[in-house]
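J.: Got a structure here, written out as structure tokens. Questions coming.
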Amino acid sequence: MLIVAGHLIVDPQDRRSYLADCVEVVESARNAPGNLDFSLTADLLDPARINIFERWESQQAVNDFRGSGPTDSQAATIRSAQVAEYDIAEVRSLT
């Protein structure tokens with residue numbers, strides 16, 4: 001399993017429109033082969049932050065979905081990003 005997690009920083013006045021522009025990306029990711037979870041969410045405390053969380057069955061599934069990344073307009077909106085991939089060897093359910 002692979003987890004992609006981190007956050008983007010955008011201007012606070014652009015966050016709502018950035019997330020609205022990502023609805024199709026989220027829908028597409030959730031329907032992609034090998035996707036287990038995908039979300040982009042507004043941070044509850046920081047008005048400029050967008051949290052990223054993705055779970056995938058494999059690196060190949062991520063690579064097949066990822067393509068060219070954000071559109072030019074989305075990339076221009078991102079002020080900074082901290083996103084990483086984590087290879088997971090074991091999962092323990094907490095519920």
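J.: Are any residues in region 40-95 outside any strand (DSSP E or B), of a type in the set (S, T, N, Q) and within 15 Å of Cys22 (Cα to Cα), and if so, which ones? Steps first, please.
T.: Taking region 40-95 and keeping what is outside any strand (DSSP E or B), we get 43-48, 57-77, 88-95.
Those still in the list that are of a type in the set (S, T, N, Q) too: 58-60, 63, 68, 71, 73-74, 77, 93, 95.
The answer is Ser68, Thr71, Ser73, Gln74, Thr77.
J.: Restricting attention to region 39-95, which residues are within 14 Å of Arg15 (Cβ to Cβ), open to solvent by 100 Å² or more (accessible area, probe 1.4 Å) and of a type in the set (A, V, I, L, M, F, W, C)?
T.: Once the filter is applied, which keeps residues that are within 14 Å of Arg15 (Cβ to Cβ), open to solvent by 100 Å² or more (accessible area, probe 1.4 Å) and of a type in the set (A, V, I, L, M, F, W, C), region 39-95 yields Leu44, Leu45.
J.: Out of everything in region 1-15 that is out of contact with any strand residue (DSSP E or B) (no Cβ under 8 Å at 6 or more places or on another chain) and either at positive phi or free of Cβ contacts under 8 Å to residues at least 60 places away in the same chain (or both), what residue ends up being surrounded by the fewest Cβ atoms within 10 Å (Cβ to Cβ)?
T.: Step one: list which residues in region 1-15 are out of contact with any strand residue (DSSP E or B) (no Cβ under 8 Å at 6 or more places or on another chain), which gives 12-14.
Filter once more, so that each one left must be either at positive phi or free of Cβ contacts under 8 Å to residues at least 60 places away in the same chain (or both): 12-13.
Values: Pro12: 11, Gln13: 9.
Filtering first and then ranking leaves Gln13.
The values are calculated or read from the model by the stated rules, or taken from the named source; none is laboratory data. Note that this is a predicted model, so its numbers are computed, not measured. Glycine gets a Cβ as well: all are built from the backbone with ideal geometry, and neighbour counts include every protein chain shown. For accessibility, only protein heavy atoms count, side chains too; no ligands or nucleic acids. Shrake-Rupley method; radii C 1.70, N 1.55, O 1.52, S 1.80 Å.
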